[in-house]
Structures are given as C-alpha cells and as structure tokens.
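Structure first, commentary second.
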Amino acid sequence: MEFGFRNLQNVTIGVNRGPLSLVPSYLHMLLQTTSLRSLHLYCPGDEIIQRRFEHVDNSVLKGLIEALSAFRYLQELAISISPGHAKNPDNAHLDPLMRLTRLESVSFTGVDFGLTDAVIQRLISAWGKLKKFHFVHYSDRAPSVSLAILRSFAVYTPKLEDLRVNLDATCVPSRDYGSVTASVLPVHMDFDCSPIQMLSDPRQVAEYIANIYPHAILQKTHTNDPCFKAGCTYCDTWKQVGETIATLSA
Ligand SMILES: [Zn+2]
C-alpha cells in the first residue's frame, strides 16, 4: 500500500480488537507523513471476541506505542480501548512517548497502566507543552499515584488545563517541600472514584490541592454519569473538596 498523503494532519482510526495488532504496521507506512498532528484510535468492545480471547496482547499495545512515538510532531494523542481488553500492561510501555515533546494532549481510556508518581513524573518531564492529561480506567486495582503528583504537574507542565487521573488521596503528603510556583490557571481536575480520606476533614485534601492549584476546578468530566461504581462513597467527598477549594480561592 502506498500513501500519498504527505500533508495529513489528523488521523482517526476505529478498529476491532483483532486487527488492532495490524495498526503499528499501518502507522509505519504513514511514517513519511511528518505533518501528523493528531491521532485518535478507538478500539470498541466486541462481545464474542472478548469472551473467547479476553485481552489485547500487551505486545500489541507496546508495538502500538512504539510506532506512535515516531511521529515527532504529534500534538494530540487519544487512545480508547474497551475496558477489560488491555490486561495490566507494563507502564514502561509508555516510555517511548517521551520522544513526543510537542504533545499538548494525551488521553488513554480503558487501559490501566499501573501508573506511579515516578512514571508520570518521567513522562511529563518531557511534555512541557502539555495542556491535557487523561488516563482513565475502571479497574479495581488500587491507584499508586499520590496527591504529590500535582506538584510535579505544576513544575513540568505549566500550561496544564485539564487533568483526569486516578490517585490515592487517603494520605495527604507533607507540604514540607521546596517552593512550587502556584499555577494561576483554572485547571479542571477529575479524579473519578479515587479513594480519599473519609474519617478526617476533606479540607486537608482541599488545602493541599489549593496550595498548588489555587484555581483548581474539580468537576466530573461526564456530568450525566456522576459515578460509575455502585455504592461509591468517594465521589461526594470529592465534590466537597471542590467546593472547599472554590471557597478558599474566593
Ligand atoms: Zn464514585
């Protein structure tokens, strides 16, 4: 197959789980296109295939990310894989994306990479132009990201406007650290059903966030779907945290 689209800027690919493994070679064929700015990839669920094979092979995801990392001018990357299709991939698979230093928007939906503070910090240290960081998944695995990651975002991604990530806010990190220049931007944050300390006053969490992002706006990205977990007790607390931050900045 020959591609004559030298000036191609935006590509959207919708693909079932089976042919997903062919996408990296398709991307390699596109490589002569240095103009690519945005790539969206959707891999919806296929009930029959899902039951028989269950998961996207991790090597497929690894190959896909490796292939994507060759598009050095990419500004926007969005990958959405039907929940349950990608089984706990290695977060090291994300490392090639550090080559995409022009990224302004990165969004992964349905894949639990097992992110940690160290992994996120490593990635965003290369993404100084980043405005949007969304890693959304619905697995039951406890998040290994802490509230302290906000400090890294403030340091490495001064243009950040939109953050969606699962983290563990049951512990509020010590504020005994070097000075962080508080962002003056109104950053939208959505922590979904992230665990948060329930016993003490959620004001501690609010104050920690407001100290770094005084104009943080905590709101659900999908207002019609306030909580995806049955019996979740965290979302109401996050709402309180958002209201408290608004009060603090008033
Ligand atoms: Zn919830």
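The values are calculated or read from the model by the stated rules, or taken from the named source; none is laboratory data. Quick caveat, the model's predicted, so the values are computed rather than measured. Glycine also receives a Cβ, built like all others from the backbone with ideal geometry; neighbour counts cover every protein chain displayed.
Quick look at the values:
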| item | result |
| --- | --- |
| Restricting the stretch 196-214 to residues that are buried (at least 17 other Cβ atoms within 10 Å of the Cβ) and within 16 Å of the ligand (Cβ to nearest atom), the residue that is modelled with the lowest pLDDT | Pro202 |
| Cβ pairs under 7 Å, 6+ apart, first in the stretch 213-234 and under 21 Å from Pro143 (Cα atoms) and of a type in the set (Lys, Arg), second within 13 Å of the ligand (Cβ to nearest atom) and modelled with pLDDT of 75 or more | Lys220/Asp190; Lys229/Cys193 |
| Residue match in the stretch 220-233 (condition: within 13 Å of the ligand (Cβ to nearest atom), over 21 Å from Ser152 (Cβ atoms) and at pLDDT 80 or above) | yes |
| Residue ID - modelled with the highest pLDDT, chosen from residues in the stretch 144-180 that are farther than 22 Å from Asp192 by Cβ and among the basic types (Lys, Arg) | Lys159 |
| Qualifying residue in the stretch 133-140 (condition: within 15 Å of Val106 (Cα to Cα), part of a loop (DSSP other than H, G, I, E, B) and modelled with pLDDT of 95 or more) | no |
| Any chance Glu207 is among the acidic types (Asp, Glu) and in contact with a helix residue (DSSP H, G or I) (Cβ under 8 Å, 6 or more places away or on another chain) | yes |
| Hits in the stretch 35-60 - residues which are modelled with pLDDT of 70 or more, surrounded by 15 or more Cβ atoms within 10 Å (Cβ to Cβ) and not polar (S, T, N, Q) | Leu36, Arg37, Leu39, His40, Leu41, Tyr42, Cys43, Asp57, Val60 |
| Hits in the stretch 114-143 - residues which are surrounded by fewer than 16 Cβ atoms within 10 Å (Cβ to Cβ), without any contact (Cβ under 8 Å) to a residue 60 or more places away in the chain and hydroxyl-bearing (Ser, Thr, Tyr) | Thr116, Ser125 |
